[in-house]
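Engineer: Supplied in structure tokens, the structure appears directly below.
The values are calculated or read from the model by the stated rules, or taken from the named source; none is laboratory data. Remember, predicted model here, so these are calculated numbers, not experimental data. Ideal geometry is used to build each Cβ from the backbone, glycine not excepted, and the neighbour counts take in all protein chains shown.
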Amino acid sequence: MLNRIHFLTRNSCRYKSSFAVALNAVSKLVTPQSLLNNPISLVSNEMNNLVRNIIALIGTGNPYLDRVSSYYFETEGKKVRPLLVLLLSRALSEIPMDKRQIPPYLSNDNITTSLNNSIQWLKQQPVESFTPLNIFQGLTNADIKHSRFHPLTQASLSFKNNNIESFDKENGILPRQRRLAEIVEMIHTASLLHDDVIDHADTRRGKPSGNVVFTNKMAVLAGDFLLGRATVAISRLRDPQVVEIMSSCIASLVEGEFMQLHNTDEYDPKPNTGKKSTSISKIDEAFDYYIHKSYLKTGSLIAMSLRSAAILSGVKPNVIESCYEFGKNLGLCFQLIDDMLDFTSSSKQMGKTTNVDLKLGISTAPVLFAWKEDPSLGDLIERNFELPGDVERALQLVYKYDGAKKTYELAREYRDKALKNLREALPESDSRSALEFLTNSILTRRK
Ligand code: FPP
Ligand code: MG
């Protein structure tokens, strides 16, 4: 019965009748809260197939490379980014088709003129390949007869669109949006492989990290490989604006990581910070730097992937902007909570080592808040907590001045902005409720 009402609602919404409006209201009355409170349940099919599809996208003829590049996909991560893309895509499907269009930059394109129909364009699959497949094959089994490795498997030749069925009327998620969810997880995983090398991490998701199991070199190469395959998949979405913004956010991730290194010993010479000072303007500047870095290293991937999901659904520019803003604010909220948990959570809870930021010489929001109260912390920040006792002293001051609580309050401000963006962008629906629930739960997460 419930499914039937959901099905009718979603489809009838496209014909904006009063019947549809009434049905929508009834549906909301009978949608159990438990369903809305479990965001994954609305996109469980897509989430269940996500890893399998990614593995198909990253297959090679080299079993060792396959092992390293798939290592982080074997453990249960939070998968927040693909979940957001899928839920947002589903929520966007509530916007009637007659309010959508092919983006203007595509309207004179060869492919779109032949399709000549916005709806047909929106429902298109990602292409299997632009390039003749033999070009990807390069050397064949005929060229290399004695290798233990097969030059290329079928999966890596065509990067098959496994399980990307045509537009699912009941779910509303477009095939290219499903692929986007996979791409986002691939980029994120590549960045984690690199990040764990940079941070000398020893655990990730409760297991030894990639750099520990396979060496730094292998982990870096596997990250590069994932990025390469993700880039191929992005181009096959056939939307130049999406190619542009997804590529730019890969660059943003690196920029963000560079900004972070700038604050540590590993980067020499340090930025010219001028005369030592603890003036408010200096602390404000440090906060701006921190927020900018957090946007680049965390917010940009979320913001750009949600912007891409909106672009792929053909909605109007103001909706695209609100989706982007939603991702940006949610991303900042996410990173602030991450930085707070580094102080308040145990390693066991997090599945990775905690209390690492200070040890790596990195000042995050909790320390910056404490600095506002005790100017003496400025010297420790400037020397990246490198003298014996610096880390302990900084921890004491963070606890004394409620640095973690203040960080939480700042995260809550970004959460509020994100919720506002959501309500501006989307009509009411079960997917929007699930997104609201997810946004709230980022604030209360424990890992
Ligand atoms: C986790 O940060 C890391 C990131 C959010 C991004 C890292 C980005 C790079 C290493 C740049 C290279 C990017 C690509 C795409 C290859 P964290 O150390 O604060 O979190 P953690 O505690 O989970 O390690
Ligand atoms: Mg790290």
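Engineer: Cβ contacts < 6 Å: first residue farther than 16 Å from Ala233 by Cβ, restricted to the range 299-316; second residue modelled with pLDDT of 95 or more and aromatic (Phe, Trp, Tyr), any location; separation 6+ or different chain. Result?
Structural biologist: Once the first residue is farther than 16 Å from Ala233 by Cβ and sits in the range 299-316, its partners that are modelled with pLDDT of 95 or more and aromatic (Phe, Trp, Tyr) give Ala303/Tyr324; Arg307/Tyr324.
Engineer: Hey, among the residues in the range 250-263 that are in contact (Cβ under 8 Å) with a residue 12 or more places away in the chain, within 21 Å of Ala309 (Cβ to Cβ) and not polar (S, T, N, Q), which one's farthest from ligand 2 (Cβ to nearest atom)?
Structural biologist: It comes out as Ile250.
Engineer: Here is a further query. Please name all residue pairs, on different chains or six or more residues apart, with Cβ atoms under 7 Å, provided the first residue is in the range 191-210 and is near ligand 1 (Cβ under 8 Å from one of its atoms) and the second residue is part of a loop (DSSP other than H, G, I, E, B) and β-branched (Val, Ile, Thr).
Structural biologist: These pairs meet every condition: Ala201/Thr353.
Engineer: Next question. Quick test of your reading of the structure: Val243 fulfils all but one of (1) without any contact (Cβ under 8 Å) to a residue 40 or more places away in the chain; (2) among the hydrophobic types (A, V, I, L, M, F, W, C); (3) within 11 Å of ligand 1 (Cβ to nearest atom). Name the failing condition by number.
Structural biologist: Val243 satisfies all of (1) without any contact (Cβ under 8 Å) to a residue 40 or more places away in the chain; (2) among the hydrophobic types (A, V, I, L, M, F, W, C); (3) within 11 Å of ligand 1 (Cβ to nearest atom) except (3).
Engineer: If I ask for residues that are over 22 Å from Val242 (Cα atoms), among the β-branched types (Val, Ile, Thr) and touching a Lys or Arg at 6+ places or on another chain (Cβ under 8 Å), which ones from the range 311-345 would you list?
Structural biologist: Ile337
Engineer: Looking at the range 216-259, which of the residues that are among the polar types (S, T, N, Q) and touching a Leu at 6+ places or on another chain (Cβ under 9 Å) is farthest from Asn110 (Cα to Cα)?
Structural biologist: Top of the filtered list is Ser252.
Engineer: Looking at Ala56, is it small (Gly, Ala, Ser), surrounded by 16 or more Cβ atoms within 10 Å (Cβ to Cβ) and under 15 Å from Leu180 (Cα atoms)?
Structural biologist: Yes; evaluated as a whole, the condition is true for this residue.
Engineer: Kindly evaluate Tyr72 against the criterion of being among the hydroxyl-bearing types (Ser, Thr, Tyr), assigned to a helix (DSSP H, G or I) and surrounded by fewer than 14 Cβ atoms within 10 Å (Cβ to Cβ).
Structural biologist: Taking the combined requirement at face value, the residue does not satisfy it.
Engineer: So which of Ser294, Ser281, Ser277 ends up being within 16 Å of ligand 2 (Cβ to nearest atom) and either at pLDDT below 95 or under 25 Å from Arg393 (Cα atoms) (or both)?
Structural biologist: When all the criteria are applied, what remains is Ser294.
Engineer: Checking the condition surrounded by 14 or more Cβ atoms within 10 Å (Cβ to Cβ), within 16 Å of ligand 2 (Cβ to nearest atom) and at pLDDT 95 or above, which residue from Ser247, Ser209 passes?
Structural biologist: Ser209
Engineer: Name every residue in the range 187-206 that is over 14 Å from Val254 (Cβ atoms), β-branched (Val, Ile, Thr) and either surrounded by fewer than 18 Cβ atoms within 10 Å (Cβ to Cβ) or within 11 Å of ligand 2 (Cβ to nearest atom) (or both), in order of residue number.
Structural biologist: Once the filter is applied, which keeps residues that are over 14 Å from Val254 (Cβ atoms), β-branched (Val, Ile, Thr) and either surrounded by fewer than 18 Cβ atoms within 10 Å (Cβ to Cβ) or within 11 Å of ligand 2 (Cβ to nearest atom) (or both), the range 187-206 yields only Thr203.
Engineer: Sort out for me the helices (runs of 4 or more DSSP H) sitting completely within the range 376-447 that have 1 or more residues that are out of contact with any Lys or Arg (no Cβ under 9 Å at 6 or more places or on another chain), over 19 Å from Leu330 (Cα atoms) and without any contact (Cβ under 8 Å) to a residue 60 or more places away in the chain.
Structural biologist: In the range 376-447, 390-400 are the helices (runs of 4 or more DSSP H) which contain 1 or more residues that are out of contact with any Lys or Arg (no Cβ under 9 Å at 6 or more places or on another chain), over 19 Å from Leu330 (Cα atoms) and without any contact (Cβ under 8 Å) to a residue 60 or more places away in the chain.
Engineer: Would you check if Arg81 is in contact with a helix residue (DSSP H, G or I) (Cβ under 8 Å, 6 or more places away or on another chain), charged (D, E, K, R), surrounded by 19 or more Cβ atoms within 10 Å (Cβ to Cβ) and closer than 26 Å to Leu227 by Cβ?
Structural biologist: Yes: the conditions hold for Arg81.
Engineer: Which of the residues that make up the range 379-427 are at positive phi and touching a helix residue (DSSP H, G or I) at 6+ places or on another chain (Cβ under 6 Å)?
Structural biologist: The one that is at positive phi and touching a helix residue (DSSP H, G or I) at 6+ places or on another chain (Cβ under 6 Å): Phe385.
Engineer: Is one or more of the residues making up the range 320-335 within 16 Å of ligand 2 (Cβ to nearest atom), touching a helix residue (DSSP H, G or I) at 6+ places or on another chain (Cβ under 7 Å), acidic (Asp, Glu) and in a helix (DSSP H, G or I)?
Structural biologist: No, the range 320-335 contains no residue that is within 16 Å of ligand 2 (Cβ to nearest atom), touching a helix residue (DSSP H, G or I) at 6+ places or on another chain (Cβ under 7 Å), acidic (Asp, Glu) and in a helix (DSSP H, G or I).
Engineer: I'd like to check something: does the range 166-183 contain any residue that is in a loop (DSSP other than H, G, I, E, B), more than 16 Å from ligand 2 (Cβ to nearest atom), at pLDDT below 95 and closer than 16 Å to Glu128 by Cβ?
Structural biologist: yes
Engineer: If you go through the range 215-225 one residue at a time, do you hit one that is near ligand 1 (Cβ under 10 Å from one of its atoms), buried (at least 18 other Cβ atoms within 10 Å of the Cβ) and assigned to a loop (DSSP other than H, G, I, E, B)?
Structural biologist: No, the range 215-225 contains no residue that is near ligand 1 (Cβ under 10 Å from one of its atoms), buried (at least 18 other Cβ atoms within 10 Å of the Cβ) and assigned to a loop (DSSP other than H, G, I, E, B).
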